[in-house]
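So the structure is just underneath, and the comments pick up after that.
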Amino acid sequence: MFIIIIDIILVLVIIGMFVYPRWNLKRNAKIVEEAEFARLMPTSQLIDIREPNQFRVSHILGARNLPSGQIDQSLNALSKHKPVLIYETGKPVGAAKVAKKLKKAGIPEVYILKKGLNDWTGKTKSGM
């Protein structure tokens with residue numbers, strides 16, 4: 001009986017490890033396709049959350065680099081009155097933590113590019 005209870009707990013923990021990050025992400029931000037992301041760009045703050053070396057190689061035209069590991073120090077650089085658009089290289093991984101911090105800091109609208117820079121077909125800036 002004790003082994004069955006432990007097995008059930010382990011299964012629940014494993015399920016939680018996969019479900020919680022996705023739920024947390026959807027609670028703090030809206031994941032959008034490229035067309036919606038591009039439509040929002042003129043009226044929003046565009047943030048690349050990758051590391052500076054990746055940003056220098058290529059980034060979406062008009063983006064600012066605020067690496068995910070330094071987002072706490074960069075919160076004052078963002079307006080609470082404009083939506084924030086964030087992206088990374090591929091599918092959102094670090095974006096969940098960044099979105100949560102942005103929401104906690106009072107940013108009401110946070111959008112994440114669904115497939116990241118890898119699938120972006122809009123204008124980019126390369127090789128800084």
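The values are calculated or read from the model by the stated rules, or taken from the named source; none is laboratory data. Quick caveat, the model's predicted, so the values are computed rather than measured. Note that we place each Cβ from the backbone using ideal geometry, even for glycine, and neighbour counts take in every protein chain shown.
Below, the figures for the structure above:
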{"quantity": "Restricting segment 30-54 to residues that are among the β-branched types (Val, Ile, Thr) and closer than 14 Å to Ala95 by Cβ, the residue that is farthest from the chain's Cα centre (by Cα)", "calculated": "Val32"}
{"quantity": "Restricting segment 66-89 to residues that are touching a strand residue (DSSP E or B) at 6+ places or on another chain (Cβ under 8 Å) and crowded, with 17+ Cβ neighbours inside 10 Å, the residue that is farthest from Lys115 (Cα to Cα)", "calculated": "Leu78"}
{"quantity": "Hits in segment 81-101 - residues which are among the hydrophobic types (A, V, I, L, M, F, W, C) and either farther than 13 Å from Asn28 by Cα or at pLDDT below 95 (or both)", "calculated": "Val93, Ala95, Ala96, Val98, Ala99"}
{"quantity": "Residues (part of a helix (DSSP H, G or I) and touching a residue at least 40 places away in the same chain (Cβ under 8 Å)) located in segment 91-128", "calculated": "Ala95, Ala96, Val98, Ala99, Lys100, Leu102, Lys103, Leu117, Asp119"}
